[in-house]
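Working notes for the structure below.
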Amino acid sequence: MSMLTYVPRMARVARDYALITIGAICIALSVNLFLVPNEVVTGGVTGVAIMLNSLLGTPVGLITLLFNIPLLIAGFRYLGGFVFGIRTIYATVALSLAIDLLQPLLSRYVSAPRDALLYTLYGGVLDGLGVGLVFRAQGTTGGIDIIARFLQRWRGVAVGRSLLIMNALVFAAAAYLYSLDKVLYALLVAFVSGRVVDLVLEGAAYARQAIIITTRPDQLRQAILQRLDRGVTQLQGLGGYTNATRTILLSVVAQSEISLLKAIVREHDPNAFVIISNVHEVLGEGFKPADGAMP
């Protein structure tokens, strides 16, 4: 590997590990500031650790790490070795340390909540932000994700189904230990966290994709190129009912340009069939530069 390619690669690796570290800190803030004080659990191993903290006073981070160690060893051996993940090991250790090291520092800022719902929402946002950053850096926080992969490999159980079942067991235990309303808060945390993870991974919808089926492709293509200064890809389609060949134009425009695009279509081909959908990320000319795949 030449020095010209080695330096950018190392910079991307350093950026990824910085993201994992920041993500672990965000999850730790969520646990220590919002979830544990409100006796609200998350799914998976961290949720079990929170319940044991309530029962026995054991450190959440330490218990999370102890549960993860055999899972990480098994995953490292049976789920692909280094492909499975140095980053997963780093993320798991960083998360466990961050939870326990930050707890005494944050305890002075924790008081009896006057609005448990608001605290739960904040906890879900921080948890989703942390998990999303870890995922974005190609890591995971271990836990039941590893068990789900084992079940998929050896028993053919879909990952989504096994995660749902295991999280349901954690929430059922929380309902028994705490109360039903705490489980409802936990479900709210899971929902908010999931939405924030999607937002971190995909970004907010800032562009629109337009698929235009038209009989006047040349006029539309020229108008989009000249008036919007956006690229157009021209495809050929075959009508399923008429068996007629039609030209399909594909273009991605900024959200603020969608009204002008509709006006152009109305002006040049009012009978065109137009499909407009959200685009969460666009790489290439006119949008975000493509910086290559992460290692």
Arg108 versus Leu188: modelled label distance in nm, points set 7 Å from Cα along the beta carbon direction: 3.0
As I understand it, the value is the acute angle between the Cα axis of helix 258-268 and the longest principal axis of the Cα atoms of the chain; what does it come to in degrees, rounded to 10? 20
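For Arg161 and Leu66, calculate 0.36 nm times their separation in residues minus their Cα-Cα distance, and state this gained length in nm to one decimal. Write down the numbers at each step before the final one.
On the way: separation 95, 0.36 × 95 = 34.20 nm, distance 2.51 nm.
Gain in length upon complete extension: 31.7 nm.
Evaluate E = 1/(1 + (r/R0)^6) for Arg216 and Met10, where r is the Cβ-Cβ distance and R0 equals 45 Å; express this FRET efficiency to the nearest 0.05. Write out the running numbers ahead of the final one.
Working: r = 52 Å, r/R0 = 1.15.
So the FRET efficiency works out to roughly 0.30.
Working out 0.36 nm times the residue gap between Lys262 and Ile73, then minus their Cα-Cα distance, what length gain in nm do you get to one decimal? Write down the numbers at each step before the final one.
Numbers: separation 189, 0.36 × 189 = 68.04 nm, distance 5.60 nm.
Taking Lys262 through Ile73 to full extension adds about 62.4 nm, to one decimal.
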Which of Glu267, Glu281, Glu202 moves the most in a Gaussian network model of the chain with Cα springs under 10 Å? Glu267
The rounded separation in angstrom of the Cα centers of the stretch 10-83 and the stretch 115-135 is 14
Restricting to Cα pairs below 8 Å that are 6+ residues apart, what does the relative contact order work out to for the stretch 3-202? Please round to a whole percent. 33
Give me the net charge for the shell around Gly47: Cβ to Cβ below 14 angstrom, other residues only, Lys and Arg +1, Asp and Glu -1. -2
Applying a 10 Å radius around every beta-carbon, put 34-47, 144-157 in order of their mean neighbour count, most first. 34-47, 144-157
Taking every Cα atom in the stretch 141-231, find the radius of gyration and the maximum pairwise distance Dmax, and write them in Å. 23.1, 68
Only bridges with both residues in the chain count here: give the DSSP antiparallel percent, nearest 5. 95
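If the stretch 3-202 were replaced by its equivalent ellipsoid, with semi-axes equal to the square roots of 5 times the Cα gyration tensor eigenvalues, what would those be, largest first, whole Å? Before the final figure, lay out the partial values.
On the way: eigenvalues 150, 86, 48 Å².
Here the semi-axes work out to 27, 21, 16 Å.
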Considering the chain as a Gaussian network with a 10 Å cut-off on Cα pairs, which listed residue, Asn32, Asn271, Asn167, attains the greatest mean-square fluctuation? Asn271
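Every read-out reported here was derived from the displayed coordinates using simple, explicitly stated rules and does not represent laboratory data. In this text the structure is predicted, and so the values were computed from the model without any measurement. Every residue, glycine as well, gets a Cβ built from its backbone with ideal geometry; the counts of neighbours run over all protein chains shown.
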